[in-house]
Amino acid sequence: MTSLLIVEDDELLRDGLSAQLAQAGHSVTLAADGELAQSLLEAHRFDGVILDLGLPKVSGMEVLRWLRRRFPALPVLILTARDGVEDRVQGLNAGADDYLTKPFNMAELQARLGAMLRRARLPAFGGSLELAASATQRLRVDATQPQAWLDDEPMELTHREWALLSLLVSHAGQVVSREDVLGVWQSEPGDGAVSNALEVYVHRLRRKLADSGLTIRNVRGLGYLLETTAP
Ligand code: CA
């Protein structure tokens, strides 16, 4: 069963979503404000989040940015106002996986949610079909807890290594910039020590992935790319 967190302050909409998604077989948890959403995310494991952007206490955008640092690979669908083009762009830039504008059609929400969760469930949680090839089915990364498994064996990872791996895996097939990694590590781009340490972490992680069929490529001047090693 898929465990979803719905964050929406409009009671009618929240209850409607909850009823429909529960009927569709999801396990649903509700939050009416951003603060509650954060504490629920800290305490429970979810497979996906539906996040309204206009929320009391802590705004949806703040929750989204926070969530992306804490749980880089957790799928998030944002709900925005019809005329909120800027919100949508901001939301996608802040790491939302998809969005719907209000009012939305429930069937469309279910379809988009389904697609988002399927993408997230691809081996290694990656969005790249190429990476879904046999070699990578051996790697699983928990999107919310600092855990990963290679051939069902738990990997020994530090929190930073997990955050880095999780980010690479959730952007499989795409280049992840140094700034993205530092953002996930909640470190200032100007922090030279951490920035210099990044190479070391990449090197260590690459070694831990040595027999996985995956490697981390340095893309000069751009960042890092998780890719399959040549067969
Ligand atoms: Ca709202």
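The values are calculated or read from the model by the stated rules, or taken from the named source; none is laboratory data. Here the structure is a predicted model, which is why all the values come from computation and not from measurement. Heads up, the Cβs are rebuilt from the backbone with ideal geometry, glycines too, and the neighbour counts pull from every protein chain shown. Each accessible area value is taken on the protein alone, full model and side chains, heavy atoms only, with ligands, DNA and RNA left out. Shrake-Rupley method; radii C 1.70, N 1.55, O 1.52, S 1.80 Å.
With θ set to phi - 60°, apply the Karplus curve 6.51 cos²θ - 1.76 cosθ + 1.60 along segment 34-51 and write out the HN-Hα couplings as whole Hz, x wherever there is a Gly or Pro.
Residue by residue, segment 34-51 yields x, 5, 5, 4, 4, 6, 5, 5, 5, 9, 10, 9, 10, 8, x, 10, 9, 10 Hz.
If one computes the Cα centroid of segment 148-170 and of segment 198-231, what distance in Å separates the two points?
Using only Cα atoms, the two centres lie 12 Å from each other.
Using a 1.4 Å probe on the protein chains only, how many percent of the accessible area of the chain belongs to carbon and sulfur?
Values: 5590 of 11390 Å².
On the chain, the fraction of accessible area on carbon and sulfur atoms equals 49 percent.
Just the accessible area per residue of the chain, please: how many Å² with a 1.4 Å probe? Write down the numbers at each step before the final one.
On the way: 11390 Å² over 231 residues.
On a per-residue basis, 49 Å².
Compute the label zone of Glu42 within segment 141-167: residues whose backbone N is under 18 Å from the point 7 Å along Cα-to-Cβ.
Inside the label zone: 144-146.
How far, in degrees from 0 to 90, does helix 11-23 lean away from the longest principal axis of the Cα atoms of the chain, to the nearest 10?
Computed tilt is about 60 degrees.
Placing unit charges on C-beta atoms (Lys and Arg positive, Asp and Glu negative, everything else neutral), compute the dipole magnitude of the chain about its Cα centre in debye, rounded to 20.
700
Taking H as built 1.01 Å from N, whose amide H comes closer than 5 Å to the amide H of Thr80, not counting residues under 5 places away?
So Thr80 has HN proximity to Leu100, Thr101, Lys102.
Over the chain, what relative contact order in percent results from Cα pairs under 8 Å that are six or more residues apart?
14
Trypsin sites (Lys or Arg not before Pro), restricted to segment 3-73: which are DSSP loop and have at most 15 other Cβ atoms within 10 Å?
Counting only loop positions with at most 15 other Cβ atoms within 10 Å, the trypsin sites (Lys or Arg not before Pro) in segment 3-73 are Arg45, Lys57.
Using only Cα atoms, figure out Rg for segment 3-124 and give it as a multiple of 2.2 N^0.38 Å.
On the way: Rg = 13.0 Å, N = 122, 2.2 N^0.38 = 13.7 Å.
Normalised Rg, Cα atoms only: 0.95.
Taking just the alpha-carbon atoms of the chain, what radius of gyration and Dmax come out, in angstrom?
17.9, 53
Calculated FRET efficiency, Glu86 and His159, Cβ-Cβ r, R0 30 Å, to nearest 0.05?
0.35
Explain nothing, just the number: relative contact order of segment 3-124, from Cα pairs under 8 Å at least 6 residues apart, as a whole percent. Don't skip to the end; give the middle numbers.
On the way: 186 pairs, mean separation 26.9, N = 122.
Relative contact order here is 22 percent.
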